[in-house]
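The values are calculated or read from the model by the stated rules, or taken from the named source; none is laboratory data. Remember, predicted model here, so these are calculated numbers, not experimental data. Note: areas computed on protein heavy atoms with side chains; ligands, DNA, RNA excluded. Shrake-Rupley method; radii C 1.70, N 1.55, O 1.52, S 1.80 Å.
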Amino acid sequence: MEFIKNYRGILWLLGGIIAGTIAGLVLGKQVAIIKPIGDIFLNLLFTTVIPLVFFAIASAIAHIDASHRLGKVLGVMSLVFLSTLLIAAFFTIVAVWIFPIHQQVTLVHMEELANTGTFGDQLTRLLTVSEFYELLSRRNMLPFIIFSVLTGMAAMRAGERGASFRRFLHSGNEVMKDILGLLMKVAPVGLGAYFAYQVGTVGPELFGTYAHSLGIYYGFGTVYFIVGFSFYAFVAGGFRGIQTFWKNNIIPTLTAVGTGSSIATIPANLEAVHRMGVPPSIGNVVVPLGATLHKDGSSISSIIKMAVVFSMFGKGFDNVETIVMALGITVIVSIVEGGIPNGGYIGELLVMSVYKFPPEALPPLMVIGTLVDPLATILNATGDNVAAMLVTRFLPKRAAATS
C-alpha cells in the first residue's frame, strides 16, 4: 500500500494515457473532438511555468546563507556533479546513435531555423532578450532562468535590506507549488485527451517509438547503474571502493524504489555514505545538495526525450551544434528538475523553448518522463552516494573513500 501511495500520481497519469490510447484506437480521427481538453491543460501548464520557475529558483538562491561557504567542498562537489551528468548524457547519445529511434509517422514537419548572424549573435539570442516582457514567454526559458538566478543572487547579497523581498520570494514559491499541484491533479485527463488525439490521428505507429525509447532507457540505464557506478567507485577507492559501495548501496536503492523520491532517500543515503567511509563534513553537504542538483537518471532521460521528439518532428539529432546544445540543456534540466516540484515538466518546456518545438512536443516528453521515473529515481538518488565517495577522493589531503 505504501508503494501505491508513493506512486499514486504516476499511476493516475498512466491510467489517463491508457484510457486515451483506447479512445484513440476505437474512435480514430473522430477523437479530435476532445483535443481542446488537452489544449486547455497544456495552455494552463505553459502559463504556470513562468512564475513557478522564477519563484523557485530565485527563492532557493536568495535563502543561501552567504556567511557559511564551504569553499573546496562545494568546488570539488560541483565538478563531480557536472562530470557525471555529462558522462551519462554523452554515453546516452552514443546509445541513441547505436540504436537509433525511427519514427514512421512525423507529427509535424519543421523547417530548420536559419543560422543568421555570427556565432556571437546566435549566442546572444539564446541567452538574452532585448525587452523585459520577452522574458515572460515560454519560448525564452533559458534567458528567464538566467534572470531568475541573478535576482536570487541580488536578494541574497542585499542582506537585511532584502529581507522583505526574500520573504516575498519564499511566499510566492509556496503559492506556485500549490498551483502546480492543483494543475497536476487534472493531468491524467488533459494528457490522456491529447494522447488520444495523437493515437487517433497519427495511428498506433507511435507505440513503436515509445517502446524503443523505453528499451534504450532501461537498457542503458541499467548498464550505467551497474558499470558506471562501479567505475566511479573504483576511481574513488579501487576494487575495495567497488565492494564498499555496493555493499552499502542496497538499502538506498530499495528506499528509492519504494518512495519514488530522491529527497525521501536522503536519510538512507546519509547512513550509507558514512559506512562507505565518507566523512560527515562531506556527506552532510553532498547528499542533501545532490538530491536537488545531481540527477544522472534525469540526464539520461533528457537525452532520450530529445532524441524522440527530434525524430517525431523530422529533425536530425546528429550534428555537432545540436549535440553540444543538448549536453548543455541536459545539465540545466537536471539541476532545474530537482529544485521544482514536478520539475521534469519544466525541463521539458526548456527543451521545447531552446529547440523551438511546437506545443505538440510536450505530451511525448511527459509520457516518456513518466514511464522512466522508477529507474530514474534509483539513478538520481543513489548516484549521490558514489558522488560523495568521489568528492572525498579528490579533496586535498583526503584519503580514498573506503572503509
Query raised in the report: For the stretch 167-294, which whole-number percentage of the solvent-accessible area (1.4 Å probe, protein heavy atoms only) is attributable to carbon and sulfur atoms?
Result: 71 percent
Report task. Express in whole angstrom the spacing between the alpha-carbon centres of the stretch 16-42 and the stretch 307-331. Result -> 28 Å
Query - Probe 1.4 Å - accessible area at residue 133, Å² to nearest ten - result: 150 Å²
Query raised in the report: Which value, in Å² and to the nearest 10, is the accessible area of residue 131 when all protein chains are kept and the probe is 1.4 Å?
Result: 90 Å²
